[in-house]
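Okay, so here's the structure we're looking at.
The values are calculated or read from the model by the stated rules, or taken from the named source; none is laboratory data. On a predicted model such as this, the values are computed, not experimentally measured, just so you know. Backbone-built Cβ (ideal geometry, glycine too); neighbour counts: all protein chains shown.
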Amino acid sequence: MDKQLTAVFSIAILLTVTVVASIDLTQTADAAKSKGTTIQKYGSATKSQVCGDRLCSEIPPEERKTMTKSPATVASAGIDALFDRMDSIHKKHQSEMTQMWKSMTPQEQSQMFHNMEQMIEKMESMNTSDHMKMMGEMMQDGSHMGQDGKTMGKKPAYNETLNPRQIEYPNILGFNDLHIHAIRHLDVEKSHGTTDHLLQTIVHHHCKVYDDMTAVCLLFPYGMTDQDKPYGIEYVITSNQYQELPDEEKQYWHHHKTEFPRAHATFPDLSNEELDGIQPILDETYGKVYYFWSYGDTYPIGEPYVLIVQDIPDQ
């Protein structure tokens with residue numbers, strides 16, 4: 001059903017843009033008429049207009065496509081044919097949306113109605129230049145604007161408290177929202193380098209928090225830079241979720257309230273205000289670190305392993 005909602009939302013956006021395009025073109029035509037062009041009628045009033053040796057309304061769709069390639073033709077007799085095509089698309093999409101709407105649950109209909117209201121309000125606030133820019137982007141990337149839920153004003157699906165930077169990074173799925181520096185996160189026996197250096201090496205955690213309050217952190221040696229490859233992940237759960245684990249499993253997890261001070265954990269991208277809201281929550285979580293790529297190796301070598309962070313010495 002999520003796919004169906006996306007489909008309806010996409011059709012709605014295309015439908016709205018079609019209407020906007022009609023309005024923009026009408027305004028352009030009106031502007032041209034006011035400057036003294038020879039166009040006599042516009043829209044449905046041109047059904048009796050003659051295009052060459054026949055009525056414009058009698059021109060087959062195949063020829064209309066050819067006509068739209070000529071700016072001069074579009075500016076005169078072909079504009080009404082373009083409007084007719086838009087009207088046809090508009091009606092088709094309305095019919096498809098109606099059928100999809102009937103198959104939705106009341107909750108899905110309510111969500112869809114809310115999303116479309118916000119979308120329309122956003123469209124109404126845009127000027128002609130914004131509309132044309134949006135249409136150009138749609139044609140360039142082959143997608144419908146607004147499916148990410150942000151462009152058209154949809155409520156964010158991510159945890160706004162623990163993902164404070166998501167709005168600034170909409171294209172990387174949240175993994176740059178919660179950036180943590182931590183030392184004492186490398187196995188000195190499996191990595192390359194001196195023990196002291198490896199214990200002091202910062203491991204960059206780029207984390208995303210999910211609706212169930214779990215989190216996944218991608219572990220990078222240098223940070224989320226263009227060519228930096230993740231070499232492990234840390235899975236994070238709440239204290240309550242930790243208590244549900246089997247006793248033999250709990251040994252692999254470390255308590256962050258204890259490990260944050262030992263790892264000298266810092267949050268370089270967050271303001272003090274953001275950190276004040278996040279720190280108490282993160283203190284009561286547990287993490288389990290998996291490595292599939294040892295520090296210093298050119299490629300992943302050998303088997304992945306779980307790092308017992310609490311067993312790593314301070315020095």
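Residues in the stretch 253-289 that are of a type in the set (Phe, Trp, Tyr) and more than 27 Å from the chain's Cα centre (by Cα) were compared, and the one that is surrounded by the fewest Cβ atoms within 10 Å (Cβ to Cβ) is Phe260.
Scanning the stretch 236-247 for residues that are closer than 13 Å to Ile281 by Cβ and loosely packed, with under 10 Cβ neighbours inside 10 Å turns up just one, Asn240. Annotation note: Cβ proximity below 9 Å between a residue of the stretch 109-126 that is more than 21 Å from Gln99 (Cα to Cα) and a residue that is modelled with pLDDT of 80 or more and in a helix (DSSP H, G or I) (sequence gap 6+ or interchain) occurs for no pair.
Look at (1) within 32 Å of the chain's Cα centre (by Cα); (2) over 19 Å from Val188 (Cα atoms) and you find that Tyr299 fails only one, number (2).
Considered as a group, the residues in the stretch 78-136 that are surrounded by 13 or more Cβ atoms within 10 Å (Cβ to Cβ) and assigned to a loop (DSSP other than H, G, I, E, B) include one that is modelled with the lowest pLDDT, and that residue is Gly78. Residue pairs whose Cβ atoms lie under 7 Å apart, separated by 6 or more positions or on different chains, with the first residue in the stretch 249-264 and within 14 Å of Arg184 (Cβ to Cβ) and the second surrounded by fewer than 12 Cβ atoms within 10 Å (Cβ to Cβ) and not aliphatic (A, V, I, L, M), are Arg262/Asp314.
Residues Thr258, Thr298: which one is in a loop (DSSP other than H, G, I, E, B), among the β-branched types (Val, Ile, Thr) and assigned by TED's automatic domain parsing to the domain that holds Gly193?
On the way: Thr258 fails: in a loop (DSSP other than H, G, I, E, B).
Of Thr258, Thr298, the one residue that is in a loop (DSSP other than H, G, I, E, B), among the β-branched types (Val, Ile, Thr) and assigned by TED's automatic domain parsing to the domain that holds Gly193 is Thr298.
Looking only at residues in the stretch 220-235 that are of a type in the set (A, V, I, L, M, F, W, C) and either in contact with a helix residue (DSSP H, G or I) (Cβ under 8 Å, 6 or more places away or on another chain) or modelled with pLDDT under 95 (or both), the one that is surrounded by the most Cβ atoms within 10 Å (Cβ to Cβ) is Phe220. Taken together, the residues in the stretch 230-255 that are part of a loop (DSSP other than H, G, I, E, B) and farther than 23 Å from Phe292 by Cβ amount to 3.
If you go through the stretch 184-224 and keep only what is within 15 Å of Tyr291 (Cβ to Cβ) and outside any loop (DSSP other than H, G, I, E, B), you end up with Leu198, Val203, His204, His205, Val216, Cys217, Leu218, Leu219, Phe220. The set of residues in the stretch 193-219 being modelled with pLDDT under 90 and touching a Gly at 6+ places or on another chain (Cβ under 7 Å) consists of Gly193, Lys208. Quick check: is even one residue across the stretch 272-293 polar (S, T, N, Q), farther than 22 Å from Lys190 by Cβ and in a loop (DSSP other than H, G, I, E, B)? Checking the stretch 272-293: not a single residue is polar (S, T, N, Q), farther than 22 Å from Lys190 by Cβ and in a loop (DSSP other than H, G, I, E, B).
Among the numbered conditions (1) at pLDDT below 95; (2) touching a helix residue (DSSP H, G or I) at 6+ places or on another chain (Cβ under 9 Å); (3) basic (Lys, Arg), the only one that Lys250 does not meet is (1).
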